[in-house]
Amino acid sequence: MAKVLGQTTPLKIMSGIYKSGRLHHAYLFYGEEGVGKFESALNYAKVIQCDRQDGTYCDECKSCKMIDQYKHPDVVVAGTDERFRNAEIYFNQYIEYKLPYLFNNFYTACRSILYKVESMIFNSYDNYPSSEPKEYMLGSKKETSRYALIEPYYLAVNYTLQELREDNIEYIDSIFRAKSKEALEIVKNKGMKKKASIEGDFFTALKKIHYNIIHTVIPLDTVRNIIEITYRKPRLGKKRVIIIEGLELMDGRAPNIFLRTLEEPTDNNIFILITSNSNNLVQDGMKPLLSRMMSLEFSSLQEKTLRSILMKRLRLDEEKTASVIDYANGSVSKAVKYLLDKKLNTSDNLIEVLLSFIDSILHKDASKISSIITLLTENDYDIIDVLKELSNIFKKSLEDKYLEVDNRKYILPSSITDESIIFIIDELDMIINTLINTNSQPKMILCKALTNIYMWLHNY
């Protein structure tokens, strides 16, 4: 259990419970997203299923490996996660560093998405969330089921994973194209009425699978499927571990029906329920559930811990880690999302644009200043990100100055006093807080902020 960083207290409690031999039948892991709740749940499942049976897990036995690959028959996962993002990060980092654990983490993240299709726990595919990118939608919302459209993508990704090894992963796109042809041939031979197609590369396919099976709620049918599983005996071990992620998403009568299962627990089943939005659990329908579970809080990660995870586990370099720390708010998943969701993939391009903006002001290049303001306000940059990055540049300029950093990237003329820089930072932070807490028009505010920076710097 000690492999999840930054969560000493809940992990010690879980370890103590196991060693006491008095396992509770249901646990609630709650806390911010991306702080280790799901990983801790999987690791606890390993502890319970591992051949060691001593309160630890080996990561080497058949049970541990099956759990990593989402293939253990006695570890049931009902998740609404976005671990496909981790897959892309681990892939990129493996290509660069060639470390075996990065390949294994990439493979596991991919398997977590395919498992959703294989388990059929979420057995309806007609709820494409309105908030998600429309380019990944297969079919239309009017169709009662999109499974037939998902199947070719699932087969192609699955066949590709079966073929991948550490020494051929860099050819993933060509392998995926070959496996796509096999998948389409299989679907065609099954007599699929609609013409099947597979568009995009491996990671596009992974996203299409994910977005078309994600649910904004956990339907009643899903809860019934999980309850039905509890009536069966475990296949390999003495216990079955059922992990439900997004407890607050249970829909309609689902909490009341699930409550009966928690009120009459069996020795065969252990539930680990996870939520990143515990405030929603105070609803009347959830209160009885809470009283039947042992609750463990997972805190946001301290900056030192988050930095260690990003640099040592994800192998991000120091500069890239520093660029995402402020946006992550103690969450690994937020850091990963920030890195991948930017159209420019990282903040490097944005930093260069902002440094060019400051340089243009200092050199009184009015034409360039105007074009950069237009670029920042009219393109797809996140306005708050732009302002935060600007604030970080000015903060970094002070740090580099007093730490006497060689090859300083953030250099401002000595005529601009420290007090002036601190004033600009305070003003930017105030603008950021205004945008976060109000419904102000962001582009107008950004334009005004950039104009003010021009005036502040121009006067010195």
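The values are calculated or read from the model by the stated rules, or taken from the named source; none is laboratory data. Everything numeric in this text was worked out from a predicted model, so none of it was measured. Counting neighbours? That spans all protein chains shown, and the Cβs are built from the backbone with ideal geometry, glycine included. These area figures cover heavy atoms from the full protein model, side chains too; ligands, DNA and RNA do not enter into them. Shrake-Rupley method; radii C 1.70, N 1.55, O 1.52, S 1.80 Å.
Things worth noting here:
- Here R177 clears all of (1) in a helix (DSSP H, G or I); (2) at positive phi except the condition numbered (2).
- Some residue of the stretch 282-290 being in contact (Cβ under 8 Å) with a residue 24 or more places away in the chain and in contact with a Lys or Arg (Cβ under 6 Å, 6 or more places away or on another chain): no
- Single match in L301, L259, L281, L316 (criterion: surrounded by 19 or more Cβ atoms within 10 Å (Cβ to Cβ), of a type outside the set (S, T, N, Q) and modelled with pLDDT of 90 or more): L301
- Test: residue in the stretch 205-222 that is in contact with a Cys (Cβ under 9 Å, 6 or more places away or on another chain) and either farther than 24 Å from Y70 by Cβ or of a type outside the set (V, I, T) (or both): yes
- L5 vs. criteria aliphatic (A, V, I, L, M) and open to solvent by 40 Å² or more (accessible area, probe 1.4 Å): yes
- Residue in the stretch 425-439 that is under 20 Å from S356 (Cβ atoms), open to solvent by 90 Å² or more (accessible area, probe 1.4 Å), modelled with pLDDT under 85 and aliphatic (A, V, I, L, M) present: no
- Lone qualifier among L290, L375, L390 - being surrounded by fewer than 19 Cβ atoms within 10 Å (Cβ to Cβ), over 23 Å from N86 (Cβ atoms) and modelled with pLDDT of 85 or more: L290
- Count - residues of the stretch 303-326 that are closer than 15 Å to K396 by Cβ and not hydrophobic (A, V, I, L, M, F, W, C): 6
- Here M120 meets each of (1) at pLDDT below 90; (2) open to solvent by less than 10 Å² (accessible area, probe 1.4 Å) with one exception, condition (2).
- Filter result (part of a helix (DSSP H, G or I) and of a type outside the set (V, I, T)) within the stretch 46-70: K46, Q49, K62, S63, C64, K65, M66, D68
- Members of the stretch 71-106 that are in a loop (DSSP other than H, G, I, E, B) and either open to solvent by less than 20 Å² (accessible area, probe 1.4 Å) or closer than 15 Å to G237 by Cα (or both): K71, H72, P73, D74, G79, D81
- Flag if L403 is at pLDDT 80 or above and more than 33 Å from the chain's Cα centre (by Cα): no
- Pairs where the first residue, in the stretch 33-56, is within 16 Å of K71 (Cα to Cα) and free of Cβ contacts under 8 Å to residues at least 40 places away in the same chain and the second is β-branched (V, I, T) and buried (at least 22 other Cβ atoms within 10 Å of the Cβ), C-beta under 7 Å, 6+ apart: K46/I67
- Residue within the stretch 21-44 that is in a helix (DSSP H, G or I), under 28 Å from R307 (Cβ atoms) and β-branched (V, I, T) present: no
- Helices (runs of 4 or more DSSP H) completely within the stretch 199-313 that count 1 or more residues being polar (S, T, N, Q) and under 20 Å from the mean Cα position of the chain (by Cα): 202-213, 303-308
- Restricting the stretch 8-27 to residues that are farther than 14 Å from E39 by Cα and among the aliphatic types (A, V, I, L, M) leaves a set whose member that is least open to solvent (accessible area, probe 1.4 Å) is A26.
- Top-ranked residue in the stretch 194-237 [being closer than 30 Å to C50 by Cβ and among the polar types (S, T, N, Q); ranked as most open to solvent (accessible area, probe 1.4 Å)]: N225
- Exactly one residue out of G191, G246 is at positive phi and open to solvent by less than 50 Å² (accessible area, probe 1.4 Å), and it is G246.
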